[in-house]
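Written below as structure tokens is the structure these notes are about.
Read-outs throughout are calculated quantities, based only on the coordinates presented, and are distinct from any laboratory measurement. Given the structure is predicted, the values throughout are model-derived calculations rather than measurements. Using ideal geometry, Cβ is built from the backbone for each residue, glycine included, and neighbour counts are taken over all protein chains shown.
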Amino acid sequence: AEMEAIANVVMNRLGHKGFPNTICGVVKQGHEQGACQFSWWCDGRRDEAREEEPYSHAKEIARKALNRQLKDRSDGALYFHHRKVTPYWSNEYIRTVEVGEHIFYKPAGGKAK
């Protein structure tokens with residue numbers, strides 16, 4: 001459910017004001033300032049799959065997301081963070097759901113900043 005909710009955020013951002021119009025653009029956004037929207041993009045680690053089962057699961061989620069067959073577990077969220085951190089921006093948005101170790105948010109009135 002957690003990977004699905006994060007995939008939902010990517011798909012929810014597509015074409016939304018303030019976000020790129022491609023999946024790669026959404027995932028890579030911010031790297032030029034060194035503050036990636038998705039931390040794994042800038043963590044400096046290799047992106048090779050180390051375990052086949054989680055990788056297969058992730059591929060299936062991606063397939064469903066691309067085909068618009070994925071239920072939105074994020075409740076329309078455009079933002080999320082790990083529960084162990086409290087980003088400065090979290091008070092500016094409406095909390096939608098908590099899934100696994102992540103908390104999800106959407107902007108009031110649906111406007112991304």
Quiz prompt | Rg/Rg_globular for the range 2-110, with Rg_globular taken as 2.2 N^0.38 Å and Rg from C-alpha atoms | solution = 1.06
Exercise. Could you please rank LYS59, LYS64, placing first whichever residue has the fewest other Cβ atoms within 10 Å of its Cβ?
Key: LYS59, LYS64
Quiz prompt | Number of Lys pairs (Cα under 21 Å; 8 or more positions apart or on different chains) in the chain | solution = 12
Exercise. Just the isolated ones, please: cysteines in the chain lacking another cysteine beta carbon under 4.7 angstrom.
Key: CYS24
Exercise. Report the extension gain between TYR88 and ARG46 in nm, rounded to one decimal, defined as 0.36 nm multiplied by the number of residues separating them, less their alpha carbon distance.
Key: 12.2 nm
Quiz item: Relative to the longest principal axis of the chain, what angle (0 to 90°, nearest 10) does the C-alpha long axis of helix 52-66 take?
Solution: 50
